[in-house]
Amino acid sequence: MYNTNLDKLTDYPFDRLRALLKDVKGPIKKLPMIMSLGEPQHPPPRLLTETVNKNADLWAKYPPVAGTPDMLNAIKDWLIGRYGLNADTISTAKNIIAVSGTREALYMAGAISIPPQKHKQQPIVLIPNPFYQVYIGSALMNQSKPVYMPATAENSFLPDFHSLDEETLTRTALAFLCSPSNPQGAVASLKYLKGAILLARKYDFVLAIDECYAEIYDTTPPPGGLEACKALGGGYQNVLVFHSLSKRSSAPGLRSGFVAGDQNLIQNFKTLRNYGGALIPGPLQAASAALWKDNTHVEKNRALYRQKFNCADQILAGRFDYYRPAGGFYLWLNVGNSEEITKTLWGKAGVRVIPGNYLAQTDVSGTNPGAGFIRIALVQKPEFIQEALNRIIETL
């Protein structure tokens, strides 16, 4: 006996990529260059290790599930400073919870917000297409119906929630949104966010805004969901935002993030995490607090990403529908047959990318919005990026 919903989870993109390249041998004389995985490679700030070492005594204590007061206060202060929130509208006790990386939290969003039925029908989960795979896991494991919303150049790479019919919106229990988006790097405007929030409140569904790339931007800080709530008059009803130190602080192994927003939903998170949540060890919560308090390392991080996009501008301008994304650290290139190009780049250039159709689903119209694209992660050093992009151009 087992949960047969697991049988629906069959398309994990990196499993498909390994299968695609299984029999493709890279060039012997070229160093392999892995650009398929969005794992930040900048050295994490020394502040992280220093703080962990200073708080080594906390390894001997069970950490608080919701987060230490120091960590929660650091997150609150960061939210107030980053998004201009009023201090009296956000509470560490009611509106914020620490989580062991946002991957886990985004998955749990379905468990706390999807009822067995909505209006006596199977609930719907809205998913931007392409998407981060955990969104679909959250939907399918909670027996809801995923509805894939195309996020293409025609709609500025953001799903058009207002194009949905009344029946779909009425059945919707949860909607995922990523800004800056993965993989396209599109940023939702404050107007867009306000419109999505009003729709969530009108039809009573949870809007889960994945803001993990919010601190990796080119020129203008992306607006956030809580900022949009403030612009609507305050109150975080129906809204959750998800943040992480993985990208912001180049610390994916820290497994530290937070969820903030609607106090009732945050309470549901606390209840669920009491039973099945992975706790952040005490020394790592201390390090997390220190990182949320420090912006200097984040500015240095952004400067490195700008260098790499400057390099991409010079090498890729005018090719493959290249554009410089407003946020995130991916390139989303239109190359034609994405699977064949992926094999060619690995076999001839030693550069590993991922086909765009592996990051998306074929929708009801029979279209996969990732088809023809490849995603390239600019996470290595600038000189690595320059060589890899030049190899791509020489090969294609």
- [ ] Pick out, from 21, 32, 5, the residue whose Cα sits farthest towards the positive end of the charge dipole of the stretch 3-67, with +1 on the Cβ of Lys and Arg and -1 on the Cβ of Asp and Glu.
- [x] 32
Task: Amide H within-cut-off set for residue 151, under 5 Å, with H built and near neighbours excluded - done: 129
Task: Note, ³J(HN,Hα) from phi for the stretch 184-201, Karplus 6.51, -1.76, 1.60, rounded to Hz, x at Gly and Pro - done: 7, x, 7, 10, 6, 6, 4, 4, 4, 4, 4, x, 5, 5, 4, 5, 4, 6
Task: Members of 94/300; 94/230; 30/308; 30/247 lying beyond 23 Å, as alpha-carbon distances in this model show - done: 94/300; 30/247
TODO: List the trypsin sites (Lys or Arg not before Pro) within the stretch 144-215 that fall in a DSSP loop (any state other than H, G, I, E or B) and whose Cβ has at most 11 other Cβ atoms within 10 Å.
DONE: none
Task: Ranked list, fewest to most other Cβ atoms within 10 Å of each Cβ, for 279, 106 - done: 279, 106
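Taking the number of other C-beta atoms within 10 Å as the exposure measure, put 332, 78 in order starting with the fewest. Display every interim value, and only then the final one.
Working: 332 26, 78 20.
Least crowded to most crowded, the residues run 78, 332.
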Task: the stretch 293-396: relative contact order in percent, alpha carbon pairs under 8 Å with at least 6 residues between - done: 31 percent
Task: Antiparallel bridges, percent of DSSP beta bridges restricted to the stretch 47-294 (to nearest 5) - done: 35 percent
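Kindly provide the helix-only [θ] at 222 nm of the chain, computed as the sum of -39,500 (n - 2.57) over DSSP H runs of four or more divided by all residues, to the nearest 500 deg cm²/dmol?
On the way: 14 runs with 151 residues, N = 396.
My calculation for the chain gives -11500 deg cm²/dmol from helical runs alone.
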Task: Nearest-20 debye value, the chain charge dipole, Cβ charges on Lys, Arg, Asp, Glu - done: 620 debye
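Residue 290: net charge of surrounding residues, Cβ under 11 Å, Lys/Arg +1, Asp/Glu -1, itself excluded?
On the way: positive: 46, 54, 293; negative: 50, 70, 294.
That sum, taken over residues with Cβ under 11 Å, equals 0.
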- [ ] Pick out, from 330, 354, 314, the residue whose Cα sits farthest towards the positive end of the charge dipole of the stretch 305-371, with +1 on the Cβ of Lys and Arg and -1 on the Cβ of Asp and Glu.
- [x] 314
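Divide the volume of the convex hull of the Cα atoms of the stretch 1-47 by its number of residues and quote the answer in cubic angstrom per residue.
Values: hull volume 8.3 nm³, N = 47.
Cα-based convex hull of the stretch 1-47, divided per residue, equals 176 Å³.
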Task: Dipole axis of the stretch 165-313 (+1 Lys, Arg; -1 Asp, Glu on Cβ), positive-most option in 235, 199, 295 - done: 295
Task: Viscosity 1.002 mPa s, temperature 20 °C, Stokes-Einstein D of the chain from Kirkwood C-alpha radius, µm²/s - done: 99 µm²/s
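Please work out the Kirkwood hydrodynamic radius for the stretch 1-155, using every pair of different C-alpha atoms, and report it in angstroms with one decimal place.
Details: mean 1/r = 0.0491 Å⁻¹.
Result for the stretch 1-155 stands at 20.3 Å.
Where a number appears in this text, it was derived from the coordinates with a stated rule and is not lab data. Fair warning: this is a prediction, and the values are worked out from it, not measured in the lab. Note that we place each Cβ from the backbone using ideal geometry, even for glycine, and neighbour counts take in every protein chain shown.
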